[in-house]
C-alpha cells in the first residue's frame, strides 16, 4: 500500500457513524460481465442486517435495475436515471421526477439523424411515471448491446412524433450510444445550443447521457437524505464514472474502485479494489468487520 493510500485509510470514518451506503451499479458493484457476485450480495445483505440503509444510485431506469435490486433484497428510496427519478421501491412510488425539455431532445434527434449516431429517449409513462417507455429510431448493434446490458429493448418509432405527443411535458433522459471520439464531436454541439440548461454525462465508455441541468446523482442523493432524515456524515458512497462525482460531493465519504476513471479516483476519499475483484465487498468486509 502506498503512503498516499495509507493516509487516505487513516482518514476513514468511524463505522459506527455510518448509517447508509450508496452504490452505483455498472463498473462499481457489478462485475465486468455486468453481474452481481455472490460475495457482493452476501456482503450487502450483511450490511443491511446491521441496520444500514442501502441506496442504489444508477443511470439505469427502474426496469433496468430491478433484477439487481431484487437480488440484493434492498428496499426504500432509490436513485434512477442519474437522479432524474427517485422512487420508493419495491412499490415504485415516485418521490421526485425532473424532466428534460422536449426541445433539447428534439435537437438531439436531429443530431443523431445528421451524424448517423444511435440515439434513444426515455419517456415517462402516460398513466404511471415509473412505467418508462424507451424509444429509438433504428435497430443496430447499439440497440442490441443496450438490450443485452440492461434487459430493456427500446421500442422502434419516430422520435419526433413521440416528442410531439399531446400532454407530454418532457422526457426523463436521453442518450447517444457512440464511441468516445464521436461523443467528443456531439458534446460541443449540444452545449453550444443549450448551455447550462442541460446536464451531459458519460456513464459508460460509449454512453453519453443528456438530462435536465437540475439532474444529478448528487441532487438525487440530497432528495433521499431529506426524505430519510439522513445527515451527510452518515453517507458512504461508491462510484466509478463522471456521473458519480456529484454524488461524491454530497456524501460524507466516498470510495472508487481501481477501475474507475482517473478523475473519479482523484475525487474519492479512498481507492479500493476493482469491480473484477469484488472491491466494494472486500472493503465493506474489512471496514465493518463482517
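The values are calculated or read from the model by the stated rules, or taken from the named source; none is laboratory data. If you're wondering where the values come from, they're calculated on a predicted model, not measured in any experiment. Cβ coordinates were reconstructed from backbone atoms using ideal geometry, including for glycine residues, and neighbour counts include every protein chain displayed.
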### Task
Restrict the check to the stretch 215-226 and report whether at least one residue is assigned to a helix (DSSP H, G or I), closer than 19 Å to residue 99 by Cβ and modelled with pLDDT under 95.
no
### Query
Among (1) in the same structural domain as residue 221 (by TED's automatic domain parsing); (2) crowded, with 18+ Cβ neighbours inside 10 Å; (3) more than 18 Å from residue 59 (Cβ to Cβ), where does residue 86 come up short?
(3)
### Query
Taking the stretch 190-212 only, how many residues are in a helix (DSSP H, G or I), touching a helix residue (DSSP H, G or I) at 6+ places or on another chain (Cβ under 6 Å) and at pLDDT below 95?
0
### Query
For residue 63, are the conditions met, namely being closer than 16 Å to residue 148 by Cα and under 17 Å from the mean Cα position of the chain (by Cα)?
yes
### Query
If you check 53, 45, which single one turns out to be surrounded by fewer than 19 Cβ atoms within 10 Å (Cβ to Cβ), in the same structural domain as residue 247 (by TED's automatic domain parsing) and modelled with pLDDT of 95 or more?
45
### Query
Which ones in the stretch 135-158 are more than 24 Å from residue 32 (Cα to Cα) and out of contact with any strand residue (DSSP E or B) (no Cβ under 6 Å at 6 or more places or on another chain)?
137, 138, 139, 156, 158
### Query
For the stretch 153-180, what are the residues that are more than 20 Å from residue 99 (Cα to Cα) and buried (at least 21 other Cβ atoms within 10 Å of the Cβ)?
177, 178
### Task
Please tell me if residue 286 is closer than 15 Å to residue 12 by Cα and either surrounded by fewer than 18 Cβ atoms within 10 Å (Cβ to Cβ) or without any contact (Cβ under 8 Å) to a residue 40 or more places away in the chain (or both).
yes
### Message
I need every pair where a residue in the stretch 224-236 that is farther than 20 Å from residue 84 by Cβ has its Cβ under 9 Å from the Cβ of a residue that is exposed (fewer than 14 other Cβ atoms within 10 Å of the Cβ), sequence separation at least 6 or different chains.
### Response
233/17; 234/17
### residue 31 vs. criteria assigned to a loop (DSSP other than H, G, I, E, B), in contact (Cβ under 8 Å) with a residue 60 or more places away in the chain and over 25 Å from residue 222 (Cα atoms)
yes
### Unique match (being at pLDDT below 95 and closer than 23 Å to residue 133 by Cβ) among 93, 103
93
## Note on the structure
All-but-one check, residue 263 against (1) free of Cβ contacts under 8 Å to residues at least 40 places away in the same chain; (2) under 30 Å from residue 15 (Cα atoms); (3) in a strand (DSSP E or B), failing number (3)
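Listed here are the residues, each with its yes/no results for (1) outside the structural domain of residue 34 (by TED's automatic domain parsing); (2) at pLDDT below 95; (3) over 20 Å from residue 197 (Cα atoms); (4) crowded, with 16+ Cβ neighbours inside 10 Å.
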position	(1), (2), (3), (4)
49	no, no, yes, no
75	no, no, yes, no
108	yes, no, no, yes
115	yes, no, yes, no
132	yes, yes, yes, yes
### Task
Consider residue 191 carefully, then state whether it is more than 14 Å from the chain's Cα centre (by Cα), farther than 20 Å from residue 59 by Cα, surrounded by fewer than 18 Cβ atoms within 10 Å (Cβ to Cβ) and touching a residue at least 40 places away in the same chain (Cβ under 8 Å).
no
### Query
In the stretch 247-258, what count of residues is obtained for those that are touching a residue at least 60 places away in the same chain (Cβ under 8 Å) and out of contact with any strand residue (DSSP E or B) (no Cβ under 8 Å at 6 or more places or on another chain)?
0
### Query
Does the stretch 71-91 contain at least one residue that is closer than 25 Å to residue 147 by Cβ, in a helix (DSSP H, G or I) and more than 17 Å from the chain's Cα centre (by Cα)?
yes
### Task
Any chance you could count how many residues in the stretch 43-52 are in a helix (DSSP H, G or I) and touching a residue at least 60 places away in the same chain (Cβ under 8 Å)?
4
